[in-house]
There are 2 protein chains.
Amino acid sequence: MSKLVPPHGGKGLVCCLLEGAERDAELKKAAGLKQLEISARAKGDLIMMGIGGFSPLDGFMTKADWKGVCEKFLMADGTFWPVPVTLDTDDDSIKEGDEIALVNKGEVYATMKVTEKYEMTDADKKWECEMVYKGEGEDSVDDKFWEVALEDHPGVQMVMAQGKFNLAGPVKVLSEGDYAERFPGVYLTPTQIRDEMEKRGWANVAALQLRNPMHRSHEFLAKIAIEVCDGCVIHSLIGNLKPGDIPGDVRIKCIQTLIDNYFVADNVINAGYPLDMRYAGPREGLLHATFRQNYGINNMLIGRDHAGVGDFYGLFEAQDIFDRIPYVKDACPEQGKALICKPMKIDWTFYCYKCDGMASMRTCPHTKEDRVILSGTKLRKGLSEGAEIPDHFGRDEVLVILRDYYENLTEKVEVKMQKAASGATMK
Amino acid sequence: MSKLVPPHGGKGLVCCLLEGAERDAELKKAAGLKQLEISARAKGDLIMMGIGGFSPLDGFMTKADWKGVCEKFLMADGTFWPVPVTLDTDDDSIKEGDEIALVNKGEVYATMKVTEKYEMTDADKKWECEMVYKGEGEDSVDDKFWEVALEDHPGVQMVMAQGKFNLAGPVKVLSEGDYAERFPGVYLTPTQIRDEMEKRGWANVAALQLRNPMHRSHEFLAKIAIEVCDGCVIHSLIGNLKPGDIPGDVRIKCIQTLIDNYFVADNVINAGYPLDMRYAGPREGLLHATFRQNYGINNMLIGRDHAGVGDFYGLFEAQDIFDRIPYVKDACPEQGKALICKPMKIDWTFYCYKCDGMASMRTCPHTKEDRVILSGTKLRKGLSEGAEIPDHFGRDEVLVILRDYYENLTEKVEVKMQKAASGATMK
């Protein structure tokens, strides 16, 4: 029997992906169904349902699920789930009982039996945003939330831009998109990661969530986990991010370079998962732990401002939320329906000259002046302008890749500008 | 209710220390009882029973306890215990039913009701040594055990030098010795450490066992624990060690200096416990976890060659033994009788130039040449001869204290030699 933690929800891995002849037949059928264009976020959700990453979900949420999840982290049947997984539309013609095809940019990702269609007024959406995206910590944006959220919060913007209805119902997933081709050996399903970890004899595993390039601070988190666990899965989001963020392939290359030069390869797995960022801060931290359990992971590293955006959340609100919600076994109505994957909370980390190594606010008694701390904004500026990055902040091998990326980016922009300029001249 | 782990054995803290008038009366009675001179080891065991550190023990072990502990880590009533806690004598006159006073160097440490007196033949002692002191790991001394043990194993020497009988029975402890005076604020009882940890709001706590000066490697272990727990108790043995080891007061001073300069004081406690080393390697690792549970500690840091001596044990045998013994809840006949305190296993640690900080064999992929590794022997030689210690091995502030200690030691030896020399001249 596997020593790994069981999938979330007590039903094993719920994989909605069809394969082989079954898939071919369903694709054929889908061609004759009403086509609904879905968002990139919904596409990611579908692939996760396909590969079991969102177990026990087998489709988009009903109104009762949506309400329970927003309000108390529980689906209608008592299963813990921290963020709504819903499918929106403005299409008046879709009726309950319909079967439809879910399409993104010309590719059919799933068919869906519409079991429920419910209205989502602006008030409903606002309520969802307040429940899910507005922090509850002392230092999170509260009174001014709506003043800034519509302007600056990509998660809130996404919800508020949704259609008038949500559609609920079970899905048959027909495609994993191009992740396997774009990220060979890195895009791994829960089954694949579980198999690999079992082969390595792992039982106590931590995941490091990444959506930014991996620097010494992230390396330190992974290495703390490796010291006290059997291994660490460096698990990158390879779906869509907000503009300006560094794309998945560059980040994955950085991670692999780091592993090749600074890790014991046996103790780490470099993997990616196909979701888009929701930027739901604390709630998304819970989601990260929830779906990691499906990958066989029982410890979720939660650092500073996990899954946050701007200044919306308290720096450690994504850690604190684990103490407030019914994720522990006894707090859920049925064993198996609560979250088992635990947070591994790590404080703000940095290199400290006096400590002579990596440290955190929990271990380092020294002052700001002794520490190498660099904001993401300053780092991006430094990298894109070819300026020096302070010693000990990142590994040279990684910084080379990032400089390269920014240089190409600049060149592309310059080429664009030149083209535009020459176009202007030719006019 | 306390969030700390309950004391071992399911009976709460069993403290055999009498106080106030009760103690005075018992001391008076003791003066009229037969006086048995006990070993320093037994004295330490008694103080631990006095303050609840050896809960649920309330006296020295019966033959059935001794046998069960040696053979299967279980006392006669099914309670987990990893090493015999016995009282030996050669005194033929002591009879079952006697009440006796237990004395060490003129001080009465306890009275004891002798409920059982059992013979310990040389064969019994040899069996105890083979069960308790002989490792079971692949790389522990096995075939040659008896060739080297009598010569080089202080634990085995101690057992083989014991008397012909063991005495069992409950004790009333009357003294904690001079620990409180010699180590003010550092010699802390389980109750005191629990109170302090509760005041700090700790629930998930690790202990770092120390009997040698604290260098970067030990600091690293403590800091890993601090990152993932509420705090770390740096818990030094302040009883007796083997000749040549560094005395408790010097070690405690090193630790306090380290805390003052390199730790966040709120996350660490500098404490000592009154036992002598048994040098039982893996079995002593288990004992360390067992009595730590009484101090409210639920994670026992186990590093390389924990509690080992010479080359008797495999480097990680004290980690592996936790997987072999019935310490988990379900493996003991009754809940509460099994050990709850878990091992926090950490690999061989060192400073690595390429890693640019502390690392372990689990995280560092580099070579021997990149790592600062120094044997205890070389370190002692370097310190006592005033030679340079390699960078990054220890903290300067600590090395100063140790050099000082060795210098004074050398001076003392020189004074002795001069005295001896002048004596010879005067003859």
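DSSP loop (so not H, G, I, E, B), at most 11 other Cβ within 10 Å: list which GluC sites (Glu not before Pro) in region A:69-176 pass both filters.
A:E138
For region A:105-188, taking Cα atoms only, what is the radius of gyration to one decimal and the Dmax to the nearest whole Å?
Final numbers for Rg and Dmax: 17.5, 46 Å.
Which whole-Hz ³J(HN,Hα) couplings does region A:48-63 yield from phi under the Karplus relation 6.51 cos²θ - 1.76 cosθ + 1.60, θ = phi - 60°, glycine and proline marked x?
Here the 3J(HN,Hα) series is 4, 5, x, 8, x, x, 9, 3, x, 5, 10, x, 7, 6, 6, 4 Hz.
For the pair B:I373 and B:W146, what calculated FRET efficiency results from E = 1/(1 + (r/R0)^6), where r is the Cβ-Cβ distance and R0 = 45 Å, to the nearest 0.05? Write down the numbers at each step before the final one.
Working: r = 32 Å, r/R0 = 0.70.
So the FRET efficiency works out to roughly 0.90.
Just flag the GluC sites (Glu not before Pro) in region B:304-404 sitting in loop per DSSP whose Cβ has no more than 14 other Cβ atoms within 10 Å.
Qualifying residues, ordered by number: B:E334, B:E385, B:E388.
Please list the non-local residues whose amide H lies under 5 Å from the amide H of B:Q35, H modeled 1.01 Å from N, same-chain partners needing a gap of 5 or more.
B:A101
Give me a comma-separated list of calculated 3J(HN,Hα) values for region B:338-353, in order, Karplus coefficients 6.51, -1.76, 1.60 applied at θ = phi - 60°, integers in Hz, x for any Gly or Pro.
So the J values, rounded to whole Hz, are 8, 6, 9, 4, 9, x, 10, 7, 10, 6, 4, 10, 5, 7, 10, 4.
Could you go through region A:365-372 in sequence order and give the Karplus-derived ³J(HN,Hα) for each residue, using 6.51 cos²θ - 1.76 cosθ + 1.60 with θ = phi - 60°, rounded to whole Hz, and x for Gly and Pro?
x, 8, 10, 3, 5, 7, 9, 9
If you keep only loop residues by DSSP, which GluC sites (Glu not before Pro) in region B:207-289 have at most 12 other Cβ atoms within 10 Å of their Cβ?
For GluC sites (Glu not before Pro) across region B:207-289 that sit outside H, G, I, E and B with at most 12 neighbouring Cβ atoms in 10 Å, the list is empty.
Between B:Q418 and B:S384, take the C-beta separation as r, use R0 = 30 Å, and let me know the FRET efficiency to the nearest 0.05.
The formula returns an efficiency of 0.95 here.
Just to confirm my numbers, what's the Cα centroid distance between region B:337-366 and region A:23-40 in Å?
When both Cα centres are located, 52 Å separates them.
How high is the FRET efficiency from A:E136 to B:D404, r the C-beta distance, R0 56 Å, rounded to 0.05?
Efficiency for this residue pair is about 0.55.
How much of the DSSP bridge set in chain A is antiparallel, in percent, rounded to the nearest 5?
Of those bridges, close to 50 percent are antiparallel.
Using a 7 Å offset from Cα along the direction of the beta-carbon, what are the separations from A:E19 to the same position in each other copy, nm, ascending?
6.8
What is the Cα centroid distance between region B:208-276 and region B:149-170, reported in whole angstrom?
Rounded to whole Å, the Cα centres lie 29 Å apart.
Under 5 Å between amide H atoms, partner at least 5 residues away or on a different chain: which partners does B:V233 have, H built in plane at 1.01 Å?
B:A206, B:A207, B:L208, B:I269
What does the C-alpha gyration tensor say about the overall shape of region B:97-247? Classify as rounded when a/c is under 1.5, otherwise prolate if a/b is larger than b/c, or oblate.
Oblate, since a/c reaches 1.5 and b/c is not below a/b.
Name the nearest-to-axis residue of chain A, judged by Cβ distance to the rotation axis taking chain A onto chain B, and quote that distance in whole Å.
Residue of A nearest the axis onto B, distance in Å: A:G357, 2.
Taking chain B as a Gaussian network, Cα atoms linked when under 10 Å apart, which of B:V415, B:V398, B:V83 shows the biggest mean-square fluctuation?
So, out of B:V415, B:V398, B:V83, the one fluctuating most is B:V415.
Could you work out, for the protein assembly as shown, what percent of all Cα-Cα pairs fall into each 20 Å distance bin, beginning at 0 Å and stopping at the bin that holds the largest distance?
Reading upward from the zero bin: 13, 40, 30, 14, 3, 0.
Enter the mean projected area of the convex hull around the alpha-carbon atoms of region B:20-173, in nm², rounded to one decimal.
Working: hull surface 39.4 nm².
Answer in nm², one decimal: 9.9.
In the Gaussian network model of chain B, springs joining C-alpha atoms below 10 Å, which of B:H366, B:H306, B:H288 carries the largest mean-square fluctuation?
For chain B, modelled as a Gaussian network with Cα springs under 10 Å, the answer is B:H366.
Taking the convex hull of the alpha carbon atoms in chain B, what volume per residue do you get, in Å³?
For chain B, the hull spanned by Cα atoms encloses 178 Å³ per residue.
Just B:G201, B:G32, B:G272 to compare: in a GNM of chain B, with alpha carbon springs under 10 Å, which one fluctuates most?
B:G32
Amide H of A:K342: which non-local residues (sequence gap of 5 or more, or other chain) have their own amide H closer than 5 Å, using H built in the peptide plane?
A:N299, A:M300
Taken together, the values in this text are just the output of simple stated rules run on the coordinates, not laboratory data. What you see is a predicted model, and the numbers here were worked out from it, not measured in a lab. Neighbour counts run over all protein chains shown; Cβ positions are idealised from the backbone, glycine included.
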